[in-house]
Each structure stands twice: as structure tokens, then as C-alpha cells.
Amino acid sequence: MGKLPTNDLKRLLGCIKKDSRVVVSPQLGFDAGVHLIDGDRYLVVSTDPCIGVPEDWFGWLMINYVASDLALFGAKTEFCTINLLGSPSTQSEVFRNIMRQACDAANELGTAIVTGHTGIYDGLTTLVGVCTGYGLVDKDKLITPGDANPGDHIVCIKPLGLEVAVNFALTHVALAEQLFGEKRTRQLAKLVRLQSCVKEALLLAEIRGVHAMHDATEGGLTAALNEVAEASDVGFNVDWEKILFSEEVNILRDFYDLSDEHVLSMSSTGTFLAAVSPEAKDHVEDVLRQKRVEAKFLGYFTEDMRRVLVKGGKETVFPVEADDPYARFVLGKL
């Protein structure tokens, strides 16, 4: 489930013709594209599906998935389009509720909904939403996952696995109460908004010395770190003991007998990485602390192309492929 394997995706992208107007073309690890719009700015564009999420938050998440992608490139989402598709059994009230959520989310972000499409189709068995967002960024403020430099520090904003814990609490209430306790389950159910990184990403985008940002959504930290390293032509060294996990991750790990690879690959929408220059590190820490944003520096990018995970003082090879367990327990596909 989720993203196509790397080699399959490379073959798909290989048929796209190059165009001088496109500044950032479709490529691995890039969740947005960029093209020329006028003399001083670029237009950043991203599109995302929304599927398999709690219905009460479907519209809000659909808008914020895309707005988060644009924010990680330094752009505020100015406009968006929406496709909302359902099976023949989907009631009109469901569409109306989701559209109300989407409109509220767009209003919160100052985003105008321009157009879209809504319909029911025999080939579908569940709700599918697709949002495409557009945002402007000054040319000298564009940030991409391919801009990390050797020596940059790696900071992780918000805990890994928080998305899984929140959605688990919403979709498996009884089991979540058994594992996390009733009080914590109720708390988690109120943290859906942490699955957006718009505010935090736009905050960091204004700081000189923040060179690259990338979300830890599908494939978690494993996918995010490998994709930034691949795009930036660097290696990295990260310390297991410094990785910020939500407390529920360890509980789920024991219950489902997850490996280190599973935990590192756990889908973590709302969590993202940033490459920060040594000169900007203290300032970034101060800004995040002042805004009460939970974050942790994990390690650094290297000129050496090795991808190293240090655990218990010993160097090991960081996982190459993500093995995301999200669907196994949140969607019940065990």
C-alpha cells in the first residue's frame, strides 16, 4: 500500500518531457513541483490523495495534507482544487459533511477553493479525496528536499508515530483504551490537528540556514531520511537514542511485535525533518522552544555517502527500504 517501489516510480517518471518553465520537475522524494510564474516568485504545486482516514476529519486532512507539502517548500497555499469520490452507497450527507470540513480548513489557512469534482462510481468501495494546492514563494526562499549540505544538522519536528497513535485511538477505541488507558485515548483523539505541519514548516522556512525540509509521512523516518540523502547527494549519521518517538509507539511495538525497521518506517504525518546549518542550529532551537514545538536533533548529514544508524554506541546500516506497519493495525490489515 502507499507509494510505488522506487524502481517502478523511476520508470513512470521517465516518460515526462523536460520543460524549461519547470524549475522542480517530478522526482523521487519531492512532494511538490515548482514552475515559473513571474519575475520574482515561483509557483509551488502539490497534489495528494486522502483515503482511509477517520470520516470526521476527512475534509480537514485532505486540505492540510497538501498545505503541509507546500509549506515544506516554503510556500503558503493560496488556492486549491478538490476531487471527492465515493461508492454508490455514499450518502449525500457524507459529501456535505466532508465539504464543510474542507471549507473550514481552507478558511483557516487563507486558501481559496477554486474548482473540483464530486461523484459516485461503481469501481469504488470507499471514499477517495484528492486535493491539489498552489502557493507562491520568493525565488530566494524556495526550499526543497535536495538542498541539504554535508555538516547540516538533522532536526525532527514532532514525534515519530504520533499519526499512528492518534488514528489508532480514533478507529480502534476499545483496544486503544486497553493499551493506552481511557484518559490517554481521549487525549489522542483530540490531537488530529498535529497531523498538519503547515505552521511549523512556514516558521522554519523563514530562518536563514534551514536548507531542506521533508515530511515523514508514508515510510516514516526511513523514507524521509533516505529521500533527502538521495536528492541532496549526501550521507547521514543519526543516533537511535536521540530519535523522538511518541510514547504509544513502544506500546504498539510490544503488542504487535514490531522490529526497529517497522518503528523507523512508521507513517508520521505532521512530523518532518529539516536540514539546519551549524550556524543556524541555536536559533532554530530557540524558535522551536519559544513556540513550544516538540523537536529533537538526531544527527547530521555527511559528505561520506554512508547512511549510518548508531544504536548502543555501535554503528549499523540505516534501513534502505521502508516497511511501514500503518495499514496492519490502523486499517486492520494484520
Excluding residues on the same chain fewer than 8 positions from residue 242, give the lysines whose Cα lies under 19 Å from its Cα.
158, 281, 296, 311, 314
Using only the alpha carbons of the range 109-215, what is the convex hull's orientation-averaged projected area in square nanometres?
11.0 nm²
Eligible aspartates and glutamates near residue 183 by straight Cα distance, threshold 16 Å, same-chain separation 8 or greater
247, 248
Candidate cut points under trypsin sites (Lys or Arg not before Pro) in the range 237-334, DSSP loop plus at most 11 other Cβ atoms within 10 Å of their own Cβ, are 291, 292, 333
So the FRET efficiency between residue 141 and residue 6, C-beta based with R0 = 30 Å and rounded to 0.05, is 0.50
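Using Stokes-Einstein with the Kirkwood hydrodynamic radius over Cα pairs, what translational diffusion coefficient do you get for the range 197-273 at 25 °C and a viscosity of 0.890 mPa s, in µm²/s rounded to a whole number? Provide the component values of the computation, followed by the final result.
On the way: Rh = 13.7 Å.
After rounding, the answer is 179 µm²/s.
What is the gain in length, in nm to one decimal, between residue 282 and residue 199 on full extension, counting 0.36 nm per residue of separation less the C-alpha to C-alpha distance? Kindly include the intermediate steps, with their values, before the conclusion.
Values: separation 83, 0.36 × 83 = 29.88 nm, distance 1.97 nm.
Stretched out fully, the residue 282 to residue 199 stretch lengthens by 27.9 nm.
Could you calculate the FRET efficiency of residue 100 with residue 206 from 1/(1 + (r/R0)^6), where r is the beta carbon distance between them and R0 is 41 Å, rounded to 0.05?
Working: r = 32 Å, r/R0 = 0.78.
Efficiency for this residue pair is about 0.80.
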Candidate lysines - alpha carbon under 20 Å from residue 3, same-chain residues fewer than 8 apart omitted
333
Using all alpha carbons of the range 32-186, what is the percent of pairwise distances in each 5 Å bin, ordered from the shortest bin to the longest?
2, 8, 15, 16, 15, 15, 13, 9, 5, 2, 1, 0
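How long are the three semi-axes of the equivalent ellipsoid for the chain, computed from the Cα gyration tensor as the root of 5 times each eigenvalue, in whole Å, largest first?
29, 27, 19
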Please list 63-73, 218-228 highest first by mean number of surrounding beta-carbon atoms within 10 Å per residue.
63-73, 218-228
Solvent accessible area, Å² - residue 100, 1.4 Å probe, full protein context:
120 Å²
Roughly how far apart, in whole Å, are the Cα centres of the range 174-188 and the range 39-83?
30 Å
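The values are calculated or read from the model by the stated rules, or taken from the named source; none is laboratory data. If you're wondering where the values come from, they're calculated on a predicted model, not measured in any experiment. Don't worry about glycine lacking a Cβ; one is built from the backbone with ideal geometry, like all the others, and counts go over all protein chains shown. Heads up: the accessible areas ignore ligands, DNA and RNA and are worked out on the full protein's heavy atoms, side chains in. Shrake-Rupley method; radii C 1.70, N 1.55, O 1.52, S 1.80 Å.
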